[in-house]
Amino acid sequence: MPAVIISENTELSDKIIDVLKTIFDPEIPVDIWELGLVYEIKVNAEKEAQVTMTLTSPNCPVAESLPAETEEKIASIEGLKSAKVELTFEPPWQKDMMSEVAQLELGFM
């Protein structure tokens, strides 16, 4: 399930994706974008970003820190006015949400 991107600014949404690819789940050596943890990216005309993401499990040890790290890194993108990360567990994350790159990296393909 690829992320839904709703953007008034393609350049900023591309920068957000680039940043997401630098954030790793500490238990899995794959970034959160390729893991399929990002469900939606919205960038409005005012250059405010909202990212909806999940974790591999509700009991994930980084449940507090990973969304905060993600929000902080996105907020640092030049040209972005603000960033908000919303955590959801609907739908629950499943291994088939990973990209082919992630599946290859983890030996699922």
May I ask you to list pairs of residues, at least six apart or on different chains, whose Cβ atoms are under 8 Å apart, with the first in segment 58-73 being in contact (Cβ under 8 Å) with a residue 40 or more places away in the chain and surrounded by fewer than 16 Cβ atoms within 10 Å (Cβ to Cβ) and the second being in a loop (DSSP other than H, G, I, E, B) and not charged (D, E, K, R)?
E69/I23
Assess whether P2 counts as being surrounded by fewer than 19 Cβ atoms within 10 Å (Cβ to Cβ), over 17 Å from V85 (Cα atoms), under 14 Å from the mean Cα position of the chain (by Cα) and of a type outside the set (S, T, Y).
yes
Can you pull out the residues in segment 31-43 that are surrounded by fewer than 20 Cβ atoms within 10 Å (Cβ to Cβ) and more than 14 Å from I74 (Cβ to Cβ)?
Y39
Mind listing whichever residues of segment 74-109 are modelled with pLDDT under 95, surrounded by 14 or more Cβ atoms within 10 Å (Cβ to Cβ) and assigned to a loop (DSSP other than H, G, I, E, B)?
W93, M98, S99, L106
Members of segment 4-33 found to be over 26 Å from A45 (Cα atoms) and among the charged types (D, E, K, R), listed by number
D25, E27, D31
Do we have E40 as at pLDDT 95 or above and either in contact with a helix residue (DSSP H, G or I) (Cβ under 9 Å, 6 or more places away or on another chain) or of a type in the set (D, E, K, R) (or both) here?
yes
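The values are calculated or read from the model by the stated rules, or taken from the named source; none is laboratory data. Not measured: the values here are computed from a predicted model. Cβ sites come from the backbone with ideal geometry, for glycine too, and all protein chains shown count toward neighbours.
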